[in-house]
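One structure below.
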């Protein structure tokens, strides 16, 4: 009887003292090395050219090497240069490039604006400016005009701990 009571007392005291130390206090002495990595899935639609109003003979802006080469370069640069550790975004995004009469990209805008999208949009602006392709400006009735190109993409990122 005494030995059973002693064993029960020891088991109960063990549980009592186990609860004394908080889990956070125990983890503060442990150094854990983790590498966070995001898995990216990017689907880029073919760019859409916005035509100029009241233009009978509109020819869209074109990029050296073609649209397929540009979207492949864009996808490759996105995998290399996105700082995806700072945000996890999912959904459809649209980027509007303004190509002026000289064939230079003068403005890049992203939409829709959601939480943490500003850092993503800044990264995308950096990436799109880094691509050194020559653009042929759009023409209206044989005259070079400023035009907008919309690039739609589906962006999915999954944060994982490795």
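Summary table below
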| quantity | calculated |
| --- | --- |
| Identity of the residue in segment 107-116, surrounded by fewer than 17 Cβ atoms within 10 Å (Cβ to Cβ) and touching a residue at least 12 places away in the same chain (Cβ under 8 Å), that ends up nearest to the chain's Cα centre (by Cα) | 116 |
| Pairs with Cβ under 8 Å, 6+ apart, first in segment 117-135 and touching a residue at least 60 places away in the same chain (Cβ under 8 Å), second in a loop (DSSP other than H, G, I, E, B) | 133/64; 133/65; 134/64; 134/103; 135/61; 135/64; 135/103; 135/104 |
| Qualifying residue in segment 133-156 (condition: in a loop (DSSP other than H, G, I, E, B), at pLDDT below 90 and within 17 Å of the chain's Cα centre (by Cα)) | no |
| Residues (closer than 19 Å to residue 136 by Cα and surrounded by 13 or more Cβ atoms within 10 Å (Cβ to Cβ)) located in segment 63-94 | 63, 67, 70, 71, 72, 73, 74 |
| Condition met for residue 121 (surrounded by 12 or more Cβ atoms within 10 Å (Cβ to Cβ) and over 22 Å from residue 66 (Cβ atoms)) | yes |
| So residue 56, is it touching a residue at least 60 places away in the same chain (Cβ under 8 Å), surrounded by fewer than 17 Cβ atoms within 10 Å (Cβ to Cβ) and on the phi < 0 side of the Ramachandran plot | yes |
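The values are calculated or read from the model by the stated rules, or taken from the named source; none is laboratory data. All figures in this text were calculated on a predicted structure; none of them were measured in a lab. Backbone-built Cβ (ideal geometry, glycine too); neighbour counts: all protein chains shown.
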